[in-house]
Structures are given as C-alpha cells and as structure tokens.
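Below you'll find the structure, written out as structure tokens, and then a few comments.
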Amino acid sequence: MGNNNNNVCPDSCCTGDEILCIGIPCPIDIVLLGIELQVELPCVRVSSPGDLTEGQVQQLLGVLQGILGALGNLGTVADSVTTEEN
C-alpha cells in the first residue's frame, strides 16, 4: 500500500455550483476487515439542470444524510468485528 510514485495530484473536479461534489483526485489506501484496498474516486458529482423544489431538496438531504451516516458507521462496524474476533 502507498506505492503511489507520483506524489502530485491533479486539481479537484469540483466547480462549486454542484449540489454535492466529492473530488479525491489521488488514490487513497483503506484497510477494511484486514483487506488492503486502494480506492480511486476522482469525482462524484450531483447536479441538477434546473432549479429544485423544496420537496426535492428535502428528499436529496434525506438521501445524503443516509449515505453519510452509513459511511460514518463503517468504522464502528469494522471495530466491532475486530473486537469480536479477539
């Protein structure tokens, strides 16, 4: 892991006018349940070609909160599995 010989990362793809933009231009190393992984996620972008209604905004917020909550719980799940194995 960490064998990225090119220490220069390109600029992020985010422009600032997206509903949500996550730009991770360089690969990141993750260890999940003892398995070494390298994740390449150059850009995740959510945008809308038109104006959103209040109902659509609330629906998007609910979905994003669920996704972010699930991502936040990944560490808790991994810690629980490690603790149970010991």
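The values are calculated or read from the model by the stated rules, or taken from the named source; none is laboratory data. From a predicted model like this one, the values you see are computed outputs, not experimental measurements. Ideal geometry is used to build each Cβ from the backbone, glycine not excepted, and the neighbour counts take in all protein chains shown. The protein model used for the area step is the full one, side chains on, heavy atoms only, and it has no ligands, DNA or RNA in it. Shrake-Rupley method; radii C 1.70, N 1.55, O 1.52, S 1.80 Å.
Under the simplified labelling scheme, the L41-Q65 pair shows an inter-label distance of 2.1 nm, with each label point 7 Å from Cα along Cα→Cβ.
Once all protein chains are placed together, I19 keeps about 70 Å² accessible to a 1.4 angstrom probe. Here the spin labels are modelled as points 7 Å beyond Cα on the Cα-Cβ line, and at D29 and V57 they lie 4.3 nm apart.
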